[in-house]
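Here the structure comes first, spelled out in structure tokens, and everything after it is commentary.
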């Protein structure tokens, strides 16, 4: 009897086996599990900012990624739309540089 060298296709398990709608419903349940009055960061942005600064100071400066790579910090602060716009502008500039002017 000869065996097939092909393995059967892997079946999705866990959340991957669920429909996108069901995954979204499960995720929403997690968000609703904490009452609004107990979500401190969503209630008080200053408190969230203070906590972020405190966490950042606990790490040694040489271990902080953005301290070592400030250009990455600038990129991290930009929204994805700003990044796409900047990339499109850079591509447009590059295409202008490669075109030749006809006399």
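If you average 1/r over every pair of different alpha-carbon atoms in the chain and take one over that average, what Kirkwood value in Å do you get?
With all distinct Cα pairs of the chain included, I get 20.5 Å.
Roughly speaking, what is the stretch gain from residue 82 to residue 7, that is 0.36 nm per residue apart minus the C-alpha to C-alpha distance, in nm to one decimal?
Separation in residues times 0.36 nm, less the Cα-Cα distance, equals 22.5 nm.
Given the Cα-Cα distance of residue 17 and residue 94 and 0.36 nm per residue of separation, how much length would full extension add, in nm?
My answer for the length gained is 23.3 nm.
So if I take the centroid of the Cα atoms in region 46-92 and the same for region 13-32, what is the distance between those two points in Å?
That distance is 30 Å.
Where a number appears in this text, it was derived from the coordinates with a stated rule and is not lab data. Keep in mind the model is a prediction, meaning the values are calculated, not measured.
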